[in-house]
Amino acid sequence: MVKVTIDGKVIEVAASTTILEAALNAGIKIPTLCFLKDTNEVAACRVCVVEIEGCDRLSASCNTPCEDGMVIRTNTRRVRNARKANVQLILSQHNTSCTTCVRDGNCSLQDITKELNITNPVEEVDPRPLRWDLSQPLIRDDSKCIQCFRCYNECEKIQDLAVWDVIGTGRNSRISIAPGKGKLTEICSFCGQCITHCPTGALSARDDTAKFYAAVDDPELITVVQIAPAVRSAYGEMIGLPDEIATEKRMAAAVKALGVDYVFDTNYSADLTIMEEGSEFLEFLGKKDNLPKFFEGEVNGKDRCGDLPMFTSCCPGWVRYFKIKYPELVPQL
Ligand code: FES
């Protein structure tokens with residue numbers, strides 16, 4: 001354990017604790033932008049800087065561990081000015097057309113700009129250009145990227161796919177598909193975790209609303225919507241309806257009111273899938289040669305017996321991940 005003083009409060013914490021965590025434990029809030037606990041601790045944005053007595057430079061609290069006797073100040077004029085300057089620097093490369101941004105109202109950069117009371121427009125804004133094929137299911141907009149590395153580390157450390165890398169150097173650097181890895185559709189599971197963890201609108205899912213309405217408005221087309229169970233349980237929360245109001249029947253009625261011809265519950269096709277999976281599994285087990293090896297556990301690596309074990313999942317992200325990472329096991333899918 002080590003003893004540190006933060007804004008006059010003496011606190012005892014484990015030696016590896018960062019200043020940010022220690023401050024949080026003591027009820028002192030330090031603003032952050034790039035930080036993601038255990039995933040992204042690269043101190044890219046320097047919004048969380050603090051003053052440490054005896055140190056000339058300000059330190060990023062999110063990746064500086066506490067040392068015994070440290071005296072830390074989190075809210076001095078110097079600290080506030082530095083945070084402001086760092087966010088202004090980010091804004092100078094950011095496309096700030098917030099009103100038309102998909103993340104307007106749900107953007108960490110917007111929040112921190114307000115929190116630091118940055119009200120003057122930043123002079124000479126020069127965002128990176130948008131270089132992306134907008135027909136992809138996942139959209140990356142360089143003009144809104146703050147190079148926080150959240151997507152990079154989330155994909156590499158948590159999702160285990162390492163789709164993203166840094167391209168170019170200095171002012172021209174940007175995050176994009178790792179060179180030599182192939183097309184996005186070949187290497188990405190489209191799990192959406194990079195979008196979820198992006199603090200701005202730099203990553204988003206392609207918006208197919210116009211396509212949807214075009215189909216609904218086409219009298220030659222019969223439109224069918226199939227809704228997954230996850231949507232049923234989450235849509236009420238999204239639009240602020242209590243559970244007893246946000247029923248699946250109301251959801252189906254709303255979709256029909258939009259002009260859709262048929263609405264199906266994914267549970268129905270899930271039942272069909274389970275029956276199909278069950279039949280396939282019985283077929284696998286029926287192959288006599290496989291049975292002893294299966295029960296002896298010789299089902300991995302070189303000794304894997306034929307098509308056992310069998311893998312299955314309803315999650316398209318999981319299935320894509322499986323196909324990308326373990327193509328040799330695809331016959332068992
Ligand atoms: S939050 Fe600490 S450097 Fe970005």
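What follows draws every value from the coordinates through simple rules; no lab data is involved. Being a predicted model, the structure only gives us computed values, none of them experimental. Backbone-built Cβ (ideal geometry, glycine too); neighbour counts: all protein chains shown.
Extending 7 Å from Cα along the Cβ direction at ASP56 and again at THR312 yields two label points whose distance is 6.7 nm. Take 57-66, 263-272, 94-103 and order them by the average number of nearby Cβ atoms within 10 Å per residue, most first; the result is 57-66, 94-103, 263-272. Considering only GLU244, GLU21, GLU115, the Gaussian network model of the chain with Cα springs below 10 Å gives its largest mean-square fluctuation to GLU244.
Taking 41 Å as R0, compute the FRET efficiency from the Cβ-Cβ separation of THR266 and ASN75 and round it to 0.05.
0.25
Classified by the C-alpha gyration tensor, the stretch 128-205 has a rounded form. Its axis ratio a/c, with a ≥ b ≥ c, is below 1.5. Rounded to the nearest 5, the antiparallel percentage of DSSP beta bridges internal to the chain is 75%. Running a GNM on the chain with Cα contacts under 10 Å, which residue among ASP218, ASP165, ASP38 ends up with the highest mean-square fluctuation? Ranking ASP218, ASP165, ASP38 by mean-square fluctuation puts ASP218 first.
Net charge of the neighbourhood of MET70, taken over other residues with C-beta under 14 Å away and scored Lys/Arg +1, Asp/Glu -1, is -4. Placing a pseudo-label 7 Å from each Cα along the Cα-to-Cβ vector at LEU130 and LYS249 gives an inter-label distance of 4.3 nm.
Nearest 10 degrees is fine. How inclined is helix 229-239 to the longest principal axis of the chain, computing both from alpha carbons? Tilt relative to the chain: about 40 degrees. Summary of packing: across the peptides 145-152, 5-12, the per-residue average of other C-beta atoms within 10 Å ranks them, highest first, as 145-152, 5-12.
Helices in the chain, meaning DSSP H runs of at least 4 residues, each add -39500 (n - 2.57). Divided by all residues, the mean residue ellipticity at 222 nm is -9500 deg cm²/dmol. In the chain, the longest principal axis of the Cα atoms and the axis of helix 266-286 are about 70 degrees apart.
Which links in LYS3/LYS144; LYS29/LYS157; LYS29/LYS325; LYS37/LYS323 stretch past 32 Å when you go from one Cα to the other?
Correct reply: LYS3/LYS144; LYS29/LYS325.
For helix 248-257, what angle does its Cα long axis make with the longest principal axis of the chain, in degrees from 0 to 90 and rounded to 10? Helix 248-257 sits at roughly 90 degrees to that axis. Each residue of the chain gets 228 Å³ once the volume of the Cα convex hull is shared out per residue.
Sorted on the mean count of surrounding Cβ atoms within 10 Å across their residues, most packed first, peptides 78-90, 222-234 read 78-90, 222-234. Remark: relative contact order (the chain) = 12 percent; criterion is Cα-Cα distance under 8 angstrom and separation of 6 or more residues.
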